[in-house]
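One structure is given here, and the rest of the page talks about it.
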Amino acid sequence: MNYLIDIALSLFLAFLLAVVFHPQRGLLARWRINSPAGQKELVEDALKFLLNQEREGRYASTEALAGALRIYGPDLMRLVTRMETRMLLQTRAGGLHLTPDGERMALQVVRAHRLLERYLADEARLPLGKIHSEAERREHGMTPEQVDDLAASLGYPDLDPHGDPIPNREGEMVSASATMLTAWPVGVPGRITHLEDEPTLAFDQILAEGLRLGQVVRLLETTPARLVLSDGENEYRLAPAVAANVYLNPLPQALEPQSGVMPLSELPDKTQAEVVALDDTCQGFTRRRLLDLGMTPGVRLSAEMRNFFGDPRAYRVRGTLIALRREQAAQIWVKMVEI
């Protein structure tokens, strides 16, 4: 008897879950499609998807849009019709094309998403592997005014934590150029300027290896089975499919190894140095704080002391003793000077 009750409860629970969470006919799916908030979210997700497709040089079909949004049949056609009526897209023989208004709106959604990622990484200290999904959740509830306020409070950053450019208020976005690690020449130093966060599995493997944005690395070996690179201290081994998500740029001439420039985090104890530049990957509140602390090109500083655990470390700048974590000091490029 108890066995039959357990089976009945299991079947009822499975039915209840299907009623609520079914991707097409569940209560949550129907709310997403029919509520005003859900319709706004669908339109914005559609705009982002279509913009991404166009930036990659192709136009999406209705079938591709259906797969991306997981809506089909009449629901999909109602969405497309709604967006056409609002002059956000046009249906042509080659696929779905964003109108100028659609592209501007898509860029504003992208702006909100990437600013949120910048905030979540720099200030909320959320792990890099979790910021994308959290930004996806929050981006649809922001007004244009709130997005502008967030940009101002972050110091109008240019890049998100993955190295992608952030559109400005007018919807303008500078395309960033970088070379895939799989195409990078062996033996040449380069700086990681972009980490692609999709597919998630590849991105998680990159983070697990310890690679990070702004890191200077050199490719040591490349074979059909693996790529080996080093940052001078550690070696990293990546499968080609994972390495394809890592992008590099040449080092600026001033930051070439032979120039004597190093991250502040590598400055020996009891030595002095001159600030050369803040790394381009240093954005948002962190960049503003370092500038407020006096970390401007040409200023002299000294490495004073470490605590028992080595982090944070104390530096003397303009007569003031300040403490910086290693990850902060690594974003300041300096050149040693004679005491």
(message) Using a 7 Å offset from the Cα along the Cα-to-Cβ direction at both E123 and Q90, what is the distance between the two label points in nm, to one decimal?
(response) 4.1
(message) Along the Cα→Cβ direction, 7 angstrom out, place labels at L201 and M305. What is the inter-label distance in nm?
(response) 5.1
(message) What does the C-alpha gyration tensor say about the overall shape of segment 85-190? Classify as rounded when a/c is under 1.5, otherwise prolate if a/b is larger than b/c, or oblate.
(response) oblate
(request) Among the lysines, select those whose C-alpha is under 26 Å from the C-alpha of K270, and discard any that sit fewer than 8 residues away in the same chain. (result) K335
(message) Between A208 and K335, what is 0.36 nm times their sequence separation minus the Cα-Cα distance? Round to one decimal in nm.
(response) 42.6 nm
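If contacts are Cα pairs under 8 angstrom and at least 6 residues apart, what is the relative contact order of segment 257-337 in percent? Please report the intermediate quantities before stating the final value.
Working: 153 pairs, mean separation 36.0, N = 81.
Relative contact order here is 45 percent.
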(request) Could you grab the relative contact order for the chain? Cα pairs under 8 Å, six or more apart, rounded to a whole percent. (result) 11
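Treating the beta-carbon of each Lys and Arg as +1 and of each Asp and Glu as -1, no other charges, what is the dipole magnitude of the chain about its Cα centre, to the nearest 20 debye?
Using Cβ point charges on Lys, Arg, Asp and Glu, the chain gives about 380 debye.
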(request) Round to the nearest 10 and give me the degree value, 0 to 90, for the angle of helix 200-209's Cα axis relative to the longest principal axis of the chain. (result) 20
(message) Can you compute 3J(HN,Hα) from phi for each residue in segment 83-95, using the Karplus curve 6.51 cos²θ - 1.76 cosθ + 1.60 with θ = phi - 60°, rounded to whole Hz and x for Gly and Pro?
(response) 6, 5, 5, 7, 6, 9, 8, 10, 9, 10, 4, x, x
(request) Work from the charge dipole of the chain (Cβ charges, +1 for Lys and Arg, -1 for Asp and Glu, about the Cα centre) and give the residue of G187, Q331, H97 farthest towards its positive end. (result) H97
(message) For the chain, what does the helix formula give at 222 nm: sum of -39500 (n - 2.57) over DSSP H segments with n ≥ 4, over the residue count, nearest 500 deg cm²/dmol?
(response) -12500 deg cm²/dmol
(message) What's the magnitude of the charge dipole for segment 257-337 around its Cα centre, counting Lys and Arg as +1 and Asp and Glu as -1 at the beta-carbon? Answer in Debye, nearest 20.
(response) 220
(request) With unit charges on the beta carbon (Lys/Arg positive, Asp/Glu negative), name the residue among A243, L51, T223 whose Cα is farthest towards the positive pole of the charge dipole of the chain. (result) L51
(request) Specify, per residue and in Å³, the volume enclosed by the convex hull of the alpha carbon atoms belonging to segment 257-337. (result) 88
(message) Show me, for segment 220-232, the HN-Hα J-couplings you get by feeding each phi into the Karplus relation (A = 6.51, B = -1.76, C = 1.60, θ = phi - 60°), rounded to Hz, glycine and proline as x.
(response) 9, 7, 9, 9, x, 9, 7, 10, 10, 9, 9, 9, x
(request) With r as the distance between the Cβ atoms of V174 and R138 and R0 = 25 Å, compute the FRET efficiency 1/(1 + (r/R0)^6) and round to 0.05. (result) 0.55
(request) List the GluC sites (Glu not before Pro) within segment 111-158 that fall in a DSSP loop (any state other than H, G, I, E or B) and whose Cβ has at most 13 other Cβ atoms within 10 Å. (result) E123
(request) List the aspartates and glutamates whose Cα lies under 16 Å from the Cα of K40, skipping any in the same chain that are fewer than 8 positions away. (result) D75, E84, D101, E103, E136, E139
(request) Write down the Å³ per residue value for the convex hull defined by the alpha carbon atoms of the chain. (result) 204
(request) At 7 Å along the Cα-to-beta-carbon direction for both E235 and A183, put a label point, then send me their distance in nm to one decimal. (result) 2.7
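Computed from the coordinates by the stated procedures, all read-outs in this text should not be read as laboratory data. Because the structure is predicted, anything quoted here is derived from the model rather than measured. With ideal geometry, Cβ positions are generated from the backbone for all residues, glycine too; neighbour counts draw on all protein chains shown.
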